[in-house]
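Structure record follows, encoded as C-alpha cells.
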Amino acid sequence: MNFPKDFIWGVATSSYQIEGAEHEDGRCKSVWDDFYKIPRKVVDEKSGAIACDHYHRYKEDVQLIKNLGVKAYRFSVAWPRIFSYDSDSRNGVVKGNLNQKGLDFYDRLIDELLQNGIEPWLTLFHWDLPYELEKKGGWRNRDIHHWISDYSAEIARRYSDRVTHFFTLNEMPCILGGYRGWFAPGLEVNEREVFNIIHHMLLSHGSMVQAVRANAKQNVLLGCAHNGLGNYPASESKEDYEAFIKAMNCIEAAPGRYAPQEGSGILSGDSLTYYLDPIHFGKYPDKAFELFADKMPEIKDGDMKLISSPVDYQGINIYEGRPITAGSAPGKKDGGWHIEPFEEGYNITAAKWPITPKSMNHYFKFISDRYKKPVYVSENGMSNADIVSLDGKCHDPQRIDFTERYLAELKKAIDSGADVKGYFHWSLMDNYEWRNGYTERFGLVHVDYQTQKRTPKDSYWWYKELVEKYK
C-alpha cells in the first residue's frame, strides 16, 4: 500500500460509549440511561453509566492517541452534558438550560488534544438524545430540527475557535433504529412514521450545518457520517459491475434485512441514495415517490433547500457488505441483479459480521463519483475475542489482518479515482457497544472494565507503524 502523504489517519469514539459519569456535573438524562432496563434489549442489562470512565481519564486516553501517532481524533459531544430541559415544558418553543460544567469538560478535552498535536474532529450527535426531548416526541417531532440547531449553534460558538471539522449526525439509519425497537428509546413506529423520522433527521442535518456556519469563529468544514452495507460486484465482469450499480440505486430492502431487494415495497435502511441524495442534490430519488407515494413525508416550502445546505465532505462508516451478481435470484422479481450468497464457512468477526474487504473498493468509488465530495472513512474496524494473555499483552492478529485487507481495497478505490481523504479506525478502545453491552471489543486498546486498566493491543502497535510510514 502507498497512501498519499496528506491522507488523514485517525481513531474514533463516541460520548455515551466511553465517558461514563452518568450523573455528574449537571449531565441530564439521555434516552440510553434507562434503555438497558427494558427486558431483552441489552445483553446482561448493562448500561454506559461508567463505561470507560473517559470523563475522568481523558488525559490518559489522549496520551494513548498521541503515542499511536495519529493526528486526528473523531469524538462526539454528549448533548445531555450541554443542555438540560424542563420536564414540564410542552410543545412550542423549547429552550435548553446551558450546563457550564459540561461545556468545560469538552474545553479541557479539546485543549488537551491540541496541546498534544491531535486535531479534534467533533461529531455533534452520536445517538444520546436528551430524555426530556424524547418525551416531546424526539425524532418523531418536526421541531427537533430547531432544538438541535440551538444546541449546534452553542457548540460552534464555544469550540469553533479550535475545532474546524464537524460531523452533524452519525448513522441516521441507526438513529431510526431507536424507533424500530433496536436501540434507545426502544419504540416501534409504523412505516409512515419511519419516513417522517428520516425527513426530520435530514432537516436537522441541514439546520446543524447552517447553525454551525452562522456561529463559527473561523472557516469550518462539515459533513455527516452515514452507514451502510459496502456492496461490491461479485466478479470483475461488466455484467456484475452493472448489477452492482443497480443494487446501489435500489432503495427497497428485503423484509427484515438491510440488504437491498427490488419489489419488496419496504424502504431499505441501508440505502445511500434515499438518505444522501437529499443532502447532496436537494431531492429524494424519483423512485421513492413511485414506490412509497402513500408514505412519503410532507415536504414544506424550503425543506429541501435547508436539507441540501452545502457540505464539504461525506463521512462513511463501513464494516461489511454483500457481493452483487447479475441475473435474478430464484423466485424473485427480475431486477437484473441479486445478492450472491456467501460460501459455506465464510469469514466472520466476533460479532458474526461477514469479513468483506471488497466493501472498500467499488463502494467508495460509487460514492465519490456520485456526490463529487471528498470522502472520509469515519468508522471501520472489527469486534474480536480479545483477552489479556499470560504475558500481559493483548494479541489480536485477526484485527491486524482485517484492517490490512480493508485498507488494501480502499487503496484500490483511491487508485481508481475515488476522492478518499482519510481513515478513522473504530475504535480507539473497547467500549460500551450499545445493545451488546460489554460483550464486543472493537478497540485498538483493551479496557479492563473492573479496573479501567488500558492495555494497547498488538493492532495498536501495528497501526502506529502504519501511520509512521505515511508521515
- Query: Conditions: (1) farther than 18 Å from R142 by Cα; (2) in contact with a helix residue (DSSP H, G or I) (Cβ under 7 Å, 6 or more places away or on another chain); (3) part of a loop (DSSP other than H, G, I, E, B); (4) not hydroxyl-bearing (S, T, Y). P185 meets all but one. Number of the miss?
  - Reply: (1)
- Hey, could you check the range 230-274 for residues that are farther than 15 Å from G321 by Cβ, touching a Leu at 6+ places or on another chain (Cβ under 8 Å) and part of a loop (DSSP other than H, G, I, E, B) and say which is modelled with the highest pLDDT? I251
- Only residues that are assigned to a strand (DSSP E or B) and within 12 Å of I65 (Cα to Cα): list them for the range 425-449, please. H425, M429, V445
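May I ask you to list the residues in the range 212-229 that are within 24 Å of E409 (Cα to Cα), part of a strand (DSSP E or B) and not small (G, A, S)?
If the condition is that a residue be within 24 Å of E409 (Cα to Cα), part of a strand (DSSP E or B) and not small (G, A, S), then C224, H226, N227 are the ones that fit.
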- Note on the structure: Those residues of the range 267-278 that are touching a residue at least 24 places away in the same chain (Cβ under 8 Å) and out of contact with any Gly (no Cβ under 8 Å at 6 or more places or on another chain) come to a total of 6
- Task: For the range 30-78, enumerate the residues that are farther than 23 Å from Y159 by Cα and basic (K, R).
- Result: K37, R40, K41, K46
- Note on the structure: When restricted to K246, K238, K217, the only residue without any contact (Cβ under 8 Å) to a residue 60 or more places away in the chain, surrounded by fewer than 19 Cβ atoms within 10 Å (Cβ to Cβ) and among the basic types (K, R) is K238
- Could you tell me whether any residue of the range 332-350 is modelled with pLDDT of 95 or more, closer than 24 Å to G381 by Cβ, surrounded by 13 or more Cβ atoms within 10 Å (Cβ to Cβ) and out of contact with any strand residue (DSSP E or B) (no Cβ under 9 Å at 6 or more places or on another chain)? yes
- Test result for W121, farther than 15 Å from H200 by Cβ, touching a residue at least 60 places away in the same chain (Cβ under 8 Å) and either among the hydrophobic types (A, V, I, L, M, F, W, C) or in a strand (DSSP E or B) (or both): yes
- Of all the residues that make up the range 275-286, how many are assigned to a loop (DSSP other than H, G, I, E, B) and either modelled with pLDDT under 95 or surrounded by 21 or more Cβ atoms within 10 Å (Cβ to Cβ) (or both)? 1
- Search the range 374-413 for residues being farther than 26 Å from E236 by Cβ and among the hydroxyl-bearing types (S, T, Y), and hand back the single one that is surrounded by the fewest Cβ atoms within 10 Å (Cβ to Cβ). S389
- Subset of the range 272-310 (residues that are more than 16 Å from R142 (Cβ to Cβ) and either hydroxyl-bearing (S, T, Y) or touching a Pro at 6+ places or on another chain (Cβ under 8 Å) (or both)): T273, Y274, Y275, D277, Y284, S308, S309
- Query: Any chance the range 171-190 includes a residue that's more than 21 Å from D312 (Cα to Cα), over 19 Å from the mean Cα position of the chain (by Cα) and in contact (Cβ under 8 Å) with a residue 24 or more places away in the chain?
  - Reply: yes
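Scan the range 450-471 for residues that are in a helix (DSSP H, G or I) and of a type in the set (F, W, Y) and jot them down.
Y460, W461, W462, Y463
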- Message: If I ask for residues that are surrounded by fewer than 19 Cβ atoms within 10 Å (Cβ to Cβ) and either assigned to a strand (DSSP E or B) or in contact with a Gly (Cβ under 9 Å, 6 or more places away or on another chain) (or both), which ones from the range 133-173 would you list?
- Response: D143, D150, E154
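The values are calculated or read from the model by the stated rules, or taken from the named source; none is laboratory data. None of these values were measured; they are calculated from a predicted model. Here Cβ is always computed from backbone atoms with ideal geometry, including for glycine, and neighbour counts include all displayed protein chains.
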